[in-house]
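Worksheet: one structure, shown below.
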Amino acid sequence: MELKITNLTKEFKDIAAVDDVSYTLTTGVYGLLGVNGAGKTTLMRMLCTLTKPSGGCITWNGKDIFELDGEYRKLLGYLPQDFGFYPDFTVYDYLMYVASIKGLRPVTAKERTGRLLKQVGMEKAKGKKMKKLSGGMKRRVGIAQAMLNNPSILILDEPTAGLDPNERIRFRNLLSELAQERLVLLSTHIVSDVAYIANEILLMKEGKICVAGSPRELLAPMRGQVWSVDVSPQDVKAYRKAYKVANIKTIPGGINLRILSGQRPAENAIPEEATLEDVFLHYFGEGTVEEDVTI
């Protein structure tokens with residue numbers, strides 16, 4: 001099982017949304033991280049044959065995916081950031097409709113739909129109309145429709161966008177269950193969504209994969225680079241100007257800063273263990289990590 005990207009480029013007028021990307025994916029969970037506009041969605045749309053590249057190629061087990069055409073799409077499950085549905089369809093009817101589009105026989109479609117509704121925790125809501133579902137419930141139905149054909153490749157674009165913390169945790173746990181013996185590519189700009197489930201993480205910036213590796217490999221260069229320091233409110237601006245600040249928190253008598261720096265930023269600075277959020281900040285700069293920050 002090998003999905004190989006070679007010198008892949010996609011240009012829109014004079015802008016390269018994806019710029020000479022090469023990478024090989026096999027079985028496991030891959031996290032594609034980057035800020036909005038980094039090229040993640042364009043890359044995923046090419047992997048799903050929805051957009052043709054301007055240059056380079058994508059092969060599945062050595063064969064061009066665009067030449068494989070329908071044979072490749074039978075192996076593919078895709079959850080776009082915004083997936084379409086008929087609002088008056090019930091959850092069950094919607095999944096049966098998608099199953100028919102994917103070419104599943106009615107008996108197989110019923111069996112798969114019933115099993116997936118249980119798996120995503122939507123069995124009791126199967127008679128509910130799609131338009132009545134919460135954001136989290138819609139994403140669970142989205143995962144179910146992507147899994148109907150039991151795909152070897154599962155591609156998910158910003159699957160937890162707009163979900164509350166409980167729904168995000170539920171989604172990550174579900175994805176871990178579904179990821180066995182599959183190639184799963186998860187695109188997001190929320191670091192915690194991939195921190196615990198991804199075997200490899202790809203950081204994408206301005207259309208390029210700037211760094212990739214296992215969580216442990218990405219964290220290794222950050223040792224000795226993260227500090228906690230207490231400062232006065234008046235000094236916060238100066239520290240933010242001089243350093244990359246990962247977190248700002250009000251504490252009794254002042255402000256606590258989490259700082260990225262190759263050297264101790266202050267005499268009272270205490271070394272901290274690096275996280276993937278720190279890695280993200282290191283490559284993408286201050287203000288890009290979308291996690292809770294207490295000020």
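The values are calculated or read from the model by the stated rules, or taken from the named source; none is laboratory data. Quantities reported herein were computed from a predicted structural model and do not represent experimental measurements. Cβ coordinates were reconstructed from backbone atoms using ideal geometry, including for glycine residues, and neighbour counts include every protein chain displayed. SASA here: full protein model, heavy atoms, side chains in, ligands and nucleic acids out. Shrake-Rupley method; radii C 1.70, N 1.55, O 1.52, S 1.80 Å.
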Legend entry - Summed side-chain charge close to GLY121 - residues other than GLY121 whose Cβ falls under 10 Å, Lys, Arg +1, Asp, Glu -1: +3
Legend entry - Probe 1.4 Å - accessible area at ASP69, Å² to nearest ten: 70 Å²
Legend entry - Given [x] 151; [y] 141; [z] 220, the label whose value is volume of the Cα convex hull per residue in Å³ derived from this model: [x]
Inset, instruction - Calculate the dipole size of region 182-286 relative to its Cα centre from +1 charges on Lys and Arg beta carbons and -1 charges on Asp and Glu beta carbons; express the result in debye to the nearest 20. - result: 200 debye
Inset, instruction - Pop out the carbon and sulfur fraction of the accessible area of region 5-78 as a percent, whole number, probe 1.4 Å. - result: 48 percent
Inset, instruction - May I ask you to list the residues of region 209-239 whose amide nitrogen lies under 18 Å from a point 7 Å from Cα along the Cα→beta-carbon direction of ALA266? - result: 225-239
Legend entry - Exposed trypsin sites (Lys or Arg not before Pro) absent: longest stretch of the chain, with sites in DSSP loops and at most 10 other Cβ within 10 Å deemed exposed: 14-222
Legend entry - Extension gain (nm, one decimal) between GLN119 and ASN150, 0.36 nm per residue minus Cα-Cα: 9.8 nm
Legend entry - Estimated [θ] at 222 nm from DSSP helical runs (n ≥ 4, -39500 (n - 2.57)) normalised by residues in the chain, nearest 500: -8500 deg cm²/dmol
Legend entry - Length-normalised contact order of region 200-252 in % [C-alpha pairs under 8 Å, at least 6 apart]: 18 percent
Legend entry - Where PHE85, PHE12, PHE280 fall by accessible area, highest first, once all protein chains stay in place (1.4 Å): PHE12, PHE85, PHE280
Legend entry - Between region 2-77 and region 109-167, the Cα center-to-center distance that results, in Å: 24 Å
Inset, instruction - In a Gaussian network model over the chain where Cα atoms closer than 10 Å are linked, find which of PRO53, PRO265, PRO215 has the largest mean-square fluctuation. - result: PRO265
Legend entry - Accessible surface, region 183-228, averaged per residue in Å² (probe 1.4 Å): 42 Å²
Legend entry - Linear extension gain, ALA220 paired with ILE169, 0.36 nm per residue minus alpha-carbon span: 15.8 nm
Inset, instruction - Considering the options GLY207, TRP60, TYR243, tell which one lies farthest towards the positive end of the dipole of the chain, charges being +1 on Lys and Arg and -1 on Asp and Glu at the Cβ, about the Cα centre. - result: TRP60
Legend entry - Accessible surface, region 81-141, averaged per residue in Å² (probe 1.4 Å): 59 Å²
